[in-house]
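As structure tokens, the structure follows; a few thoughts come after it.
Just so it is clear, none of the values below were taken in a lab; they were calculated from the coordinates. Just so we're clear, the structure is a prediction, and the values are computed from it rather than from any experiment. A quick note on method: Cβ atoms are made from the backbone with ideal geometry, for glycine too, and the neighbour counts reach across all protein chains shown.
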């Protein structure tokens, strides 16, 4: 029973640790408070991309390990369904609540009670802090898609905790 | 007893090729390369077929007079190719399937190795060792490179010697009295 929280604690510490390093200003920063702000935002962007790349590597390994025994994916939609069902259940012990698509390569995955946001708040409190807790999961989705042969861009948005939406954009080749 | 195994990435470059060192390796590299065409054919044939259960195991790709070549593809389009001696008729389908399954498990473990970057050649010496050691042919699956199994035997032999000596000493003492 304690298994689920192990990952949540680790994830919380990861975000806290990577976020704490960002006040270092970047190179070529200008003097004064404006310089500090610039340094802070580039630092924040870098820690978001570090978190996302960590999720990416984990997603690549999970994408290899999870689908087994049969060649189950005929088309993109099958892969997305796999993400919503098998991957989400393996990582968060629940399925994704809804999957919508415009059939042009854009998929919106909605989770109405995302486990990493659930302990924080319910509603609009901490809304501006929420995105950094979604970066790892965006990378996870992107990594799993990459192993299964689909290059994509994954972004996340939160309107009100703990409901969050992951948008997967698959460019047409 | 397989003579050569190869792990091919989805972009069709080799991640790992091992063959028995007694043979000319280039011949096997060439054989694996030509078998990729057959693998692609089988995959596209399976994609067109409207069967729900599509297997990962591709079965015999093509036989030559000396060797048979078997294939296996994973969900991430990584292909495994195995070349087997034709004279070894005792090898049944089940055994080939189980060898491929072990190879798949080993490959999945390599993927989970934090020191491995996906897409690189597989350098890990221990990664595919279980495949070498525990196949139907026993430890002669691929006659692995001595360096790989050396450490395992070095650990085993001294402790064996020590226990034998200890037993001998214990047995000899009553006579010494």
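Residue A:102 versus residue A:120, label points 7 Å from Cα toward the beta carbon: distance in nm?
2.7 nm
I'd like to compare A:5-11, A:50-56: which one has the highest average count of other Cβ atoms within 10 Å, and what's the full order after that?
Top of the packing list down: A:50-56, A:5-11.
Mind giving me the FRET efficiency for residue A:74 and residue B:57? R0 is 25 Å, r the Cβ-Cβ distance, nearest 0.05 is fine.
0.85
Could you work out, residue by residue across A:145-152, how many beta carbons of other chains sit within 10 Å of that residue's beta carbon, and then give the average as an integer?
So the per-residue partner count for this stretch is 2.
Across the residues of A:58-67, average count of Cβ atoms on other protein chains within 10 Å?
Shielding by partners across A:58-67 averages 5.
Taking 0.36 nm per intervening residue step and subtracting the Cα-Cα distance, what contour gain separates residue B:66 from residue B:121 on full extension?
Full extension from residue B:66 to residue B:121 adds 16.9 nm.
Using packing as a proxy for protection, rank B:110-122, B:59-71 so that the peptide with the highest average count of other Cβ atoms within 10 Å comes first.
Peptide ranking by packing, descending: B:59-71, B:110-122.
Testing the spin-label approximation: label points 7 Å from Cα along Cα→Cβ at residue B:29 and residue B:10. State their distance in nm.
2.6 nm
What translational diffusion coefficient, in µm²/s and rounded to a whole number, does the Stokes-Einstein relation yield for the range B:2-112 at 4 °C and a viscosity of 1.567 mPa s, taking the hydrodynamic radius as the Kirkwood radius over Cα pairs?
In µm²/s, the coefficient rounds to 90.
Efficiency by 1/(1 + (r/R0)^6): what FRET value for residue A:45 and residue A:110, r their Cβ-Cβ distance, R0 = 25 Å, to the nearest 0.05?
Efficiency for this residue pair is about 0.45.
What does the structure give for B:74-80 when I average, per residue, the other chain Cβ atoms found within 10 Å of the residue Cβ?
5
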